[in-house]
Amino acid sequence: MTIRSAVHALPDTLMPPDPGPARMATAAAAELAAADPQLYRLLAADLRAQNGTLALVASTSVAPPSVLACAGAALSNITAEGYPGARFHAGCGVLDRIEELAVERATALFGARYANVQPHSGSAANLCVYFGLLQPGDTILGMDLDAGGHLTHGSRASVTGRYFRPVAYGLDADGLIDHAEVAALAREHRPRIIVAGASAYPRTVDFGRFREIADEVGAYLLADISHIAGLVAAGLHPSPVDHAHFTTTSTYKQLCGPRGGLILMGRDADAPAPGGRGTLSGLMQRSVFPLGQGTPNPGAIAAKARALQFAATAEFRGFAGRVVADAAAMAGGLADLGYRVLTGGTDNHMVLLDLEGTGLTGTVAEQALESCGILVNKNRVPGDTRPPMVCSGLRIGANGMALRRFTPAEVGYCTELLDTVLGAVRPLSDTEYELPEGVRRRVGAAVAELCADYPLPGYPADEAELAEAV
Ligand SMILES: *Cc1c(COP(=O)(O)O)cnc(C)c1O
């Protein structure tokens, strides 16, 4: 019996609970504190900052400590080019089992027929799809970066807009995806791939409509759900998995997982690949390795497996429900206070504000809020004339509030705090401002109290616990 098959034969019940990983983690923290106090103090400062600030950045979430433990496990030492059962290195038996578990959990959670858990990031997942299907110069039709698309959807600032020929669709006058424009551009430019999905779009994406357009012009459809993967997993946003040929996502955003990406396929997994090169899923398998990446990150694969298990729980569905309720409460509250909420509201975790009329730029608003412990990010608005490091809008996300178990009542309080700061800022230029010290102190104290009352689940809550944890 080979070691690989021996490990596979070992029933879970025979695997003793082993204090090894826990002991290693404690010893590692002590070693770090002693050997590299400078770095240790920085890590401690970061943990303290995460505990004490209200992170409303739409692209973040908070990984449960068990996910972080997997990402930092000794498993990272394993070098493992290839896939389970077909590696280019010896010693991958346990990792094979972990990768199979991650794949099983990914397919089960998303109702997919194929999953690849090796992409190092959401961007890498997208690049693997492109490199597998496109020749240099082939056309990608994706959402314009300024309209809310992602760099990897064909922006000229990204390799995806330089090696391929990007065509961009935008939004209609109401700020919604303009399907008529998508269809017209598709007919005119005959893209090889159409990308549906965004980094800054607060409404439901109609993946079925995108597939109709893709079918009409013979394009592949890539659904990028990096921002909304948690809602899709929880059934709170329609799933693209059977509409799109390929679905990609980051794992660290709404899935509360490690840094990394996933590629999923539904009903087209066994469809023939172009040029008689086997199936589409077989093509994806080769697109990730060896075409796009080398060795996978074993710790990240284990952490994905853990995050995907968590995402299948009732607790996670509760979190996803709060995400939608909290975002709606914030959008409604800000609109009531007179702010310009793009599209008039939200269907997902995201609220987009146009600051036109407040006299503030995105960067001034972002910095003033950060000085009070509220983290959001500046964002371009459709037709934005300000440079990318200034911007005219803000993007606010509800993942962080939902993780802290805020109900719409606490969200209402946050909305007031936001309004207090934005109402008190005096802009001096596009990038400089003054904020009365009293406001900063008052809001800062309110944020600190809120964070202490609603701690990040599983994270050390007070100074004593924190001192022990880092
Ligand atoms: C964040 C994001 C990505 C890229 O993910 P990374 O893991 O940061 O590389 C891709 N697509 C969309 C829509 C995103 O929002």
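The values are calculated or read from the model by the stated rules, or taken from the named source; none is laboratory data. These figures come from a predicted structure and were not determined experimentally. Glycine also receives a Cβ, built like all others from the backbone with ideal geometry; neighbour counts cover every protein chain displayed. Each accessible area value is taken on the protein alone, full model and side chains, heavy atoms only, with ligands, DNA and RNA left out. Shrake-Rupley method; radii C 1.70, N 1.55, O 1.52, S 1.80 Å.
Which residue is surrounded by the most Cβ atoms within 10 Å (Cβ to Cβ), if the candidates are limited to region 275-320 and must be out of contact with any helix residue (DSSP H, G or I) (no Cβ under 8 Å at 6 or more places or on another chain) and among the hydroxyl-bearing types (Ser, Thr, Tyr)?
For region 275-320, the residue satisfying everything is Ser281.
Out of the residues in region 255-268 that are more than 10 Å from the ligand (Cβ to nearest atom) and in a loop (DSSP other than H, G, I, E, B), state the one that is most open to solvent (accessible area, probe 1.4 Å).
Out of the qualifying residues, it is Arg267.
Step by step: first the residues of region 141-167, then only those that are of a type in the set (A, V, I, L, M, F, W, C) and more than 24 Å from Val341 (Cα to Cα), then the one that is most open to solvent (accessible area, probe 1.4 Å). Which residue is that?
Restricting to residues being of a type in the set (A, V, I, L, M, F, W, C) and more than 24 Å from Val341 (Cα to Cα), the top hit is Ala157.
Hey, among the residues in region 181-201 that are small (Gly, Ala, Ser) and farther than 18 Å from His237 by Cβ, which one's surrounded by the most Cβ atoms within 10 Å (Cβ to Cβ)?
If we take residues in region 181-201 being small (Gly, Ala, Ser) and farther than 18 Å from His237 by Cβ, then Ala186 is surrounded by the most Cβ atoms within 10 Å (Cβ to Cβ).
If you take the residues of region 117-147 that are at pLDDT 95 or above and among the small types (Gly, Ala, Ser), which of them is farthest from the ligand (Cβ to nearest atom)?
The extreme case among them is Gly137.
Can you give me the ranges of the helices (runs of 4 or more DSSP H) entirely in region 367-466 with at least 3 residues that are closer than 22 Å to Ala335 by Cβ and free of Cβ contacts under 8 Å to residues at least 40 places away in the same chain?
408-424
Pull up region 168-180, narrow it to residues that are away from the ligand (no atom under 16 Å from the Cβ) and under 18 Å from Asp215 (Cβ atoms), then point me to the one that is surrounded by the most Cβ atoms within 10 Å (Cβ to Cβ).
His179
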